[in-house]
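Below is one structure, written out as structure tokens; comments come after it.
The values are calculated or read from the model by the stated rules, or taken from the named source; none is laboratory data. This structure is a prediction, so every number in the text was calculated from the model and none was measured. A quick note on method: Cβ atoms are made from the backbone with ideal geometry, for glycine too, and the neighbour counts reach across all protein chains shown. Just the protein is used for accessible areas: all its heavy atoms, side chains included, with ligands, DNA and RNA removed. Shrake-Rupley method; radii C 1.70, N 1.55, O 1.52, S 1.80 Å.
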Amino acid sequence: QVQLVESGGGLVLPGGSLRLSCAASGSIFRLLDMGWYRQAPGKQRELVAGITSGGSTNYADSVKGRFTISRENAKNMVYLQMNSLKPEDTAVYFCNAALTRTAYWGQGTQVTVSS
């Protein structure tokens with residue numbers, strides 16, 4: 001079983017930055033593919049960024065060049081650095097962990113980009 005706890009959300013002005021963190025429990029973190037998803041009101045949950053157990057990354061087109069996902073296996077942590085934030089980035093951001101066919105989710109953290 002893997003438990004995920006996100007932190008770092010909040011209210012930020014357009015053009016600002018935030019760093020989200022996700023702490024994972026358990027001893028298999030290094031084997032997990034990790035990802036950040038987001039869900040805006042009235043919209044489906046979408047993948048924002050992912051990082052495999054081997055360190056390969058992928059991003060949604062809408063965040064390429066602005067967001068960076070990283071992981072720190074020694075601390076069981078994954079991060080999402082978000083720069084040049086836009087109002088359309090406003091959503092609840094969820095941390096996801098996957099191993100074979102099993103997926104785990106955090107409770108989410110709210111990010112609001114507004115002036």
#### Entry: In sequence order, calculated HN-Hα J values of the stretch 101-115 (Karplus, 6.51, -1.76, 1.60; Hz; x Gly/Pro)
9, 10, 10, 10, 10, x, 7, x, 9, 7, 10, 10, 10, 7, 9
### Task
Among Arg101, Arg30, Arg71, determine the one that fluctuates most according to a GNM of the chain built with springs between C-alpha atoms less than 10 Å apart.
Arg101
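I want the antiparallel fraction of DSSP beta bridges within the stretch 56-115, as a percent rounded to 5.
100
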### Task
First compute the accessible area of the chain with a 1.4 Å probe, then give the percent of it belonging to carbon and sulfur atoms.
48
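Among DSSP bridges having both ends in the chain, what percentage is antiparallel? Round to the nearest 5.
Expressed as a percentage, antiparallel bridges in the chain total about 95.
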#### Entry: Probe 1.4 Å, all protein chains present, accessible-area order of Thr100, Thr52, largest first
Thr100, Thr52
### Query
So, in nm, how far is label Ala23 from label Trp105 when the simple model puts each one 7 Å beyond its Cα toward the Cβ?
2.2
### Query
Which whole-Hz ³J(HN,Hα) couplings does the stretch 12-20 yield from phi under the Karplus relation 6.51 cos²θ - 1.76 cosθ + 1.60, θ = phi - 60°, glycine and proline marked x?
9, 6, x, x, x, 10, 9, 10, 8
### Query
Which whole-number value in Å² is the accessible area per residue of the chain, probe 1.4 Å?
53
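How high is the FRET efficiency from Arg45 to Ala98, r the C-beta distance, R0 22 Å, rounded to 0.05?
E(calc), rounded to 0.05, equals 0.95.
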### Query
Do you know the relative contact order of the chain, to the nearest whole percent, from alpha carbon pairs under 8 angstrom that are 6+ apart?
37
### Task
Would you work out if the chain is rounded, prolate or oblate? Take a ≥ b ≥ c from the square roots of the eigenvalues of the alpha-carbon gyration tensor; rounded if a/c is under 1.5, else prolate when a/b is larger than b/c, oblate otherwise.
prolate
#### Entry: Fully extended contour minus Cα-Cα distance, from Thr112 to Ser62, at 0.36 nm per residue
16.4 nm
### Task
Quick one: what are the phi-derived ³J(HN,Hα) couplings along the stretch 81-96, Karplus 6.51/-1.76/1.60 with θ = phi - 60°, whole Hz, x for glycine and proline?
8, 10, 10, 6, 5, 10, x, 6, 7, 4, 4, 8, 9, 10, 8, 10
